[in-house]
Amino acid sequence: MFKKGTKLYSIFTGTCPKCHEESMYTNKNPYILSEALSMNEKCSNCGTKYKIEPSFFYGAMYVSYAVGIAFAVAAFVISFLVFNAGRNIIFISIIGTLVVFMPIIMRLSRNIWINFFMSYDKSLTKKK
């Protein structure tokens, strides 16, 4: 399911969408907030430029909305069905989930957005 060569692999690992060899981000830890969205200019393995055009990742805001809704629905379902929580606790759990997972949501949305426009190319992978 998450094998190298699939879009899901690139989305969940944050690797180059073309070669899947190098992380797109300068720091792999999304919780260092000053560097959460700091990206390499291009892939050192295959030379893929990540910003296809100026303001390319503005489109990721739309994806971020959908990913945020997915996280909120998951928080609701867990709070309501598993813990049988009341309305106020459910609201707090949704807000808490969105705040805690904000850096992950931002990176996932960028990864999904760039994978809309680029595909894996097996010829660009490193020879072992």
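The values are calculated or read from the model by the stated rules, or taken from the named source; none is laboratory data. It should be emphasised that the depicted structure is a prediction, and the values quoted were computed from it without experimental measurement. Cβ coordinates were reconstructed from backbone atoms using ideal geometry, including for glycine residues, and neighbour counts include every protein chain displayed. Each accessible area value is taken on the protein alone, full model and side chains, heavy atoms only, with ligands, DNA and RNA left out. Shrake-Rupley method; radii C 1.70, N 1.55, O 1.52, S 1.80 Å.
Data for the structure
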read-out: Criterion (among the charged types (D, E, K, R) and either over 13 Å from the mean Cα position of the chain (by Cα) or in a helix (DSSP H, G or I) (or both)) met by exactly one of Lys126, Lys28; value: Lys126
read-out: Top-ranked residue in region 1-21 [being among the β-branched types (Val, Ile, Thr) and open to solvent by less than 30 Å² (accessible area, probe 1.4 Å); ranked as farthest from the chain's Cα centre (by Cα)]; value: Thr15
read-out: Positions within region 1-30 being more than 13 Å from Leu108 (Cα to Cα) and β-branched (Val, Ile, Thr), in sequence order; value: Thr6, Thr26
read-out: Ser79, sole failed condition from (1) small (Gly, Ala, Ser); (2) at pLDDT 95 or above; (3) within 18 Å of Thr6 (Cα to Cα); value: (3)
read-out: Subset of region 31-47 (residues that are of a type in the set (Gly, Ala, Ser), within 20 Å of Ile104 (Cβ to Cβ) and either touching a residue at least 24 places away in the same chain (Cβ under 8 Å) or in a loop (DSSP other than H, G, I, E, B) (or both)); value: Ala36, Ser38
read-out: Whichever residue in region 37-47 is of a type outside the set (D, E, K, R) and at negative phi and, among such residues, is most open to solvent (accessible area, probe 1.4 Å); value: Ser44
read-out: Candidates Glu35, Glu22, filtered to the one that is closer than 27 Å to Val100 by Cα and in contact with a Cys (Cβ under 6 Å, 6 or more places away or on another chain); value: Glu22
read-out: Residue among Lys18, Lys7 that is in contact with a Leu (Cβ under 6 Å, 6 or more places away or on another chain), touching a residue at least 24 places away in the same chain (Cβ under 8 Å) and among the charged types (D, E, K, R); value: Lys18
